[in-house]
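Worksheet: the structure to be examined is printed underneath.
Values in this text are rule-based calculations from the coordinates and carry no lab data. None of the values given here were measured: they were computed from a predicted structure. With ideal geometry, Cβ positions are generated from the backbone for all residues, glycine too; neighbour counts draw on all protein chains shown.
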């Protein structure tokens, strides 16, 4: 079989892969008498040691939307071109059966290929100086392309597992009981060192999938809308979906499933929801704000974006990743998981992604202008309020959530 050689910016080495299940891809068609076919698929007896207790768990790169484990489970992709690291590490206390996930995006002519790697192996921890090395034993690669739907999966051959290099120097992890924990270290790519920070799953935040599920979640509450399952959370006397509607219609961003489907206000009535569920009213969102102890000005229909405590409490409604401003307030402690997807239009590219969460309400202003709930993050102020979005000739498309009384 023919192998594929290409530089990997995020895997930090050159790898060659045996693509056993992609016969329709010209880049991976078989070649006769390839000696790599005889190599074992698993590297046995790699070094393994226990690791410090505080380092055990699932960690993902701080600027990622969430852990890549969820993307792998759902068959979705998270990543982009450039030098931003997309990595998730599952560190086991005994050092056995650890996993590293990484992604990268590359262009080949008019084809955009997105590579997703899952490597399983062992951990080796040393002191003086402190180092944590991941030794790959087996692995899989998924390839997404703009030339076909879905992905193609293949195994990674033995010689590339042996050459894979993943080393953290002087790793230090926090152990907060009610706040987000981080692992800080220097990453060695074989020639250079650079600082890295990883966020721990399940520490002071409520992790949520990056998009709706095709199967019911293993734990927690949920509602099925159309063919998709949406996790839910109870806040006060209301039960909310914790992710944006992602059903048919409207505008979608396939690279960012957490934004859901962007819809015109006129199309909201086409969504069929189970009995008891509804598109939120303004009063539903006011209850949501007040449930976090945030003062709300009824006359201005807004929170105080200059007040420090108000901004901190508002962060409890905001997704723990995706927001441009890195003030540490966005922690999703409520589980509502507001994501800054902004809006979309059919002609144009509105600014605001990463700093604006916009969600339709079911209401209109006196002049019939549709009303949206907004969380706005500015360089100085962060606040929640309501605002109208006129329809016009190029109507705005916004995400939407659902709510029901408990």
How much space per residue, in cubic angstrom, does the convex hull of the C-alpha atoms of region 355-395 take up? 81 Å³
Global geometry of region 107-169, whether rounded, prolate or oblate, following the gyration tensor of its Cα atoms and the 1.5 cut on a/c: prolate
For q values of 0.11, 0.16, 0.18 Å⁻¹, compute log₁₀ I(q)/I(0) with the Debye formula on a Cα-only model of region 222-405, without solvent. -0.43, -0.98, -1.27
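With a 10 Å Cβ neighbour count serving as the proxy for reagent exposure, in which order, fewest first, do 84, 333 appear? Let's see the in-between values first.
Details: 84 12, 333 19.
So the residues, fewest neighbours to most, are 84, 333.
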Which semi-axes, in whole Å and largest first, does the equivalent ellipsoid of the chain have when worked out from the alpha carbon gyration tensor as the square roots of 5 times its eigenvalues? 41, 26, 18
Expected output is a single nm value to one decimal: the length gained when fully extending between residue 184 and residue 394, i.e. 0.36 nm times separation in residues minus the C-alpha distance. What is it? 71.0 nm
Show me 91-97, 220-226 ranked by packing, highest mean number of other Cβ atoms within 10 Å first. 91-97, 220-226
The exposure ranking of 124, 104, fewest beta-carbon neighbours within 10 Å first, is 124, 104
Using label points projected 7 Å from each Cα along Cα→Cβ, tell me how many nm separate residue 308 and residue 53, to one decimal. 3.5 nm
Just rank 154, 310, fewest to most, by other beta-carbon atoms within 10 angstrom. 154, 310
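What does the highest-first list of 399-406, 259-266, 230-237 look like by mean Cβ count within 10 Å?
By packing density, highest mean first, the sequence is 259-266, 399-406, 230-237.
On a full-extension model of 0.36 nm per residue, what is the gain between residue 369 and residue 281, subtracting their alpha-carbon distance, rounded to one decimal in nm?
Answer, rounded to one decimal: 30.2 nm.
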Cα→Cβ-extended label distance, 7 Å offset, between residue 195 and residue 234, nm: 4.4 nm
